[in-house]
Amino acid sequence: MIALPFNLDQVQAGLTAKRLGTRFHYFNELDSTNTHARRLAEEGAPEGEVVVAEQQTHGRGRLGRRWVSPPYVNLYFSIILRPRFSPVVAPQLTLMAAVALTDAVAAFISKPPVIKWPNDILVNGKKLAGVLTESSCSSERIDFVILGIGVNVNLMHGSMPDTIRERATSLLMIRESVTSREEFLRRLIHDLDRCYGILEEQGFGAIAPSWEARFGLHGQRVRVEMVDGSFTGRAKGIDRDGALLVEKDNGEIERIIAGDVIPVEH
Ligand code: BT5
């Protein structure tokens, strides 16, 4: 497969999104698109600007984890958001992005993508994409949010490092053919723009049913790992704020705001 650099004209041609994708900052290499987008936002860049890189030397996941970011085959980008709602709802942006991602992915493959709370998109039980949202807030308002997304588009199984090979997938592996990164990015920005608009105008209640419909762990036994410990229970879905509800073995319902959720055998 010949890996070609991004053709940004192709992304912008036909992009009908209203607020997102107003300007693209393109780089052959960055440490992390989230880090660069944060710098731009701190300098006053407006909502909707997008930072795209062909490769990342320090692609970031949550909690200091790494995002494997080889050149020319995948998508790594970050969008600057300046939402007008209160900081309490910032986590809902991650869930909104997961809904938009599953919509975009479903337009390219026949197998339904599923969401693993809060930020993983899985197909056939393997991770296709991840979302990393980072906010800058004062007590009453959000200054900005950086919405970072990584999608394995044309990454080959054999090119994956051992750390992810058994757990990751790509559109190439699922479709068995090459996907245009430009076409996929255009579609994804369109879906993000639409879902972001719904979230702002109608609130999370208008997004939650779509999220629930794609949540892959409904009713399943899961282990919840948080910074301060772990427990097992049954996943029950999300509440109105986007927190995960897990029923513990003693019947108590626990609200999880941050952590990892891993399915376990019965
Ligand atoms: C995430 O973290 O899933 C968020 C990933 C966000 C990446 C984007 S790329 C553009 C923007 N700029 C950045 O610097 N980051 C964002 P988390 O849930 O913590 O998952 C990280 C884990 O996923 C790792 O520990 C690996 O196990 C696995 N992983 C790493 N790279 C992967 C890849 N390319 N494909 C699938 N899984 C991967």
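Suppose we filter LEU155, LEU128, LEU171 for residues that are under 14 Å from the mean Cα position of the chain (by Cα), aliphatic (A, V, I, L, M) and modelled with pLDDT of 95 or more; which single one remains?
Just a single option satisfies the conditions, and that option is LEU128.
In segment 43-56, how many are in contact (Cβ under 8 Å) with a residue 24 or more places away in the chain and not in a strand (DSSP E or B)?
Matching residues across segment 43-56 total 4.
For segment 235-266, give me the residue count where each residue is surrounded by fewer than 17 Cβ atoms within 10 Å (Cβ to Cβ), within 16 Å of the ligand (Cβ to nearest atom) and in a loop (DSSP other than H, G, I, E, B).
The number of residues fulfilling the criteria is 2.
For residues that are in a helix (DSSP H, G or I) and of a type in the set (A, V, I, L, M), scanning just segment 25-42, find the one that is farthest from ALA3 (Cα to Cα).
Among those residues, the one meeting the criterion is ALA41.
If LEU63 satisfies all but one of (1) more than 10 Å from the ligand (Cβ to nearest atom); (2) in a loop (DSSP other than H, G, I, E, B); (3) at pLDDT below 90, what's the number of the condition it fails?
LEU63 satisfies every listed condition except (1).
Is it fair to say LEU20 is among the hydrophobic types (A, V, I, L, M, F, W, C) and crowded, with 17+ Cβ neighbours inside 10 Å?
Spelling it out, LEU20 is indeed among the hydrophobic types (A, V, I, L, M, F, W, C) and crowded, with 17+ Cβ neighbours inside 10 Å.
So for segment 69-78 (the condition being in contact with a strand residue (DSSP E or B) (Cβ under 9 Å, 6 or more places away or on another chain) and free of Cβ contacts under 8 Å to residues at least 60 places away in the same chain), does at least one residue qualify?
Checked against the condition, which is being in contact with a strand residue (DSSP E or B) (Cβ under 9 Å, 6 or more places away or on another chain) and free of Cβ contacts under 8 Å to residues at least 60 places away in the same chain, segment 69-78 yields no hits at all.
Given the options ARG62, ARG84, ARG23, ARG38, name the one that is without any contact (Cβ under 8 Å) to a residue 40 or more places away in the chain and of a type in the set (Lys, Arg).
So the residue among ARG62, ARG84, ARG23, ARG38 that is without any contact (Cβ under 8 Å) to a residue 40 or more places away in the chain and of a type in the set (Lys, Arg) is ARG23.
Would you be able to say whether some residue in segment 105-126 is within 15 Å of the ligand (Cβ to nearest atom) and of a type in the set (Lys, Arg)?
Yes: segment 105-126 contains one or more residues that are within 15 Å of the ligand (Cβ to nearest atom) and of a type in the set (Lys, Arg).
Would you be able to tell me the number of residues in segment 87-102 that are away from the ligand (no atom under 14 Å from the Cβ) and under 12 Å from the mean Cα position of the chain (by Cα)?
5
Which ones in segment 115-132 are of a type in the set (A, V, I, L, M) and buried (at least 21 other Cβ atoms within 10 Å of the Cβ)?
ILE115, ILE121, VAL123, LEU128, ALA129, VAL131, LEU132 - these are the residues of segment 115-132 that are of a type in the set (A, V, I, L, M) and buried (at least 21 other Cβ atoms within 10 Å of the Cβ).
Looking only at segment 176-207, which residues are more than 20 Å from GLY48 (Cα to Cα), free of Cβ contacts under 8 Å to residues at least 40 places away in the same chain and not charged (D, E, K, R)?
Scanning segment 176-207 gives SER177, GLY205, ALA206.
Checking the conditions here, which among SER170, SER139, SER110, SER159 is buried (at least 17 other Cβ atoms within 10 Å of the Cβ) and of a type outside the set (A, V, I, L, M)?
SER170
Looking at GLU47, GLU29, GLU43, which is the one that is over 19 Å from LEU128 (Cβ atoms), within 16 Å of the ligand (Cβ to nearest atom), assigned by TED's automatic domain parsing to the domain that holds SER159 and of a type outside the set (Gly, Ala, Ser)?
So the residue among GLU47, GLU29, GLU43 that is over 19 Å from LEU128 (Cβ atoms), within 16 Å of the ligand (Cβ to nearest atom), assigned by TED's automatic domain parsing to the domain that holds SER159 and of a type outside the set (Gly, Ala, Ser) is GLU29.
For segment 127-154, what are the residues that are acidic (Asp, Glu) and either away from the ligand (no atom under 12 Å from the Cβ) or outside the structural domain of VAL99 (by TED's automatic domain parsing) (or both)?
Residues satisfying the conditions are GLU140, ASP143.
Among the residues in segment 183-199, are any over 24 Å from LEU40 (Cα atoms), touching a Phe, Trp or Tyr at 6+ places or on another chain (Cβ under 8 Å), within 16 Å of the ligand (Cβ to nearest atom) and assigned by TED's automatic domain parsing to the domain that holds ALA106?
yes
Looking at the structure I just gave you, is SER210 farther than 22 Å from ALA129 by Cβ and either in a strand (DSSP E or B) or of a type outside the set (Asp, Glu) (or both)?
It is false that SER210 is farther than 22 Å from ALA129 by Cβ and either in a strand (DSSP E or B) or of a type outside the set (Asp, Glu) (or both).
The values are calculated or read from the model by the stated rules, or taken from the named source; none is laboratory data. Because the structure is predicted, anything quoted here is derived from the model rather than measured. When we count neighbours, we look across all protein chains shown, and the Cβ atoms used for this are built from the backbone with ideal geometry, even at glycine.
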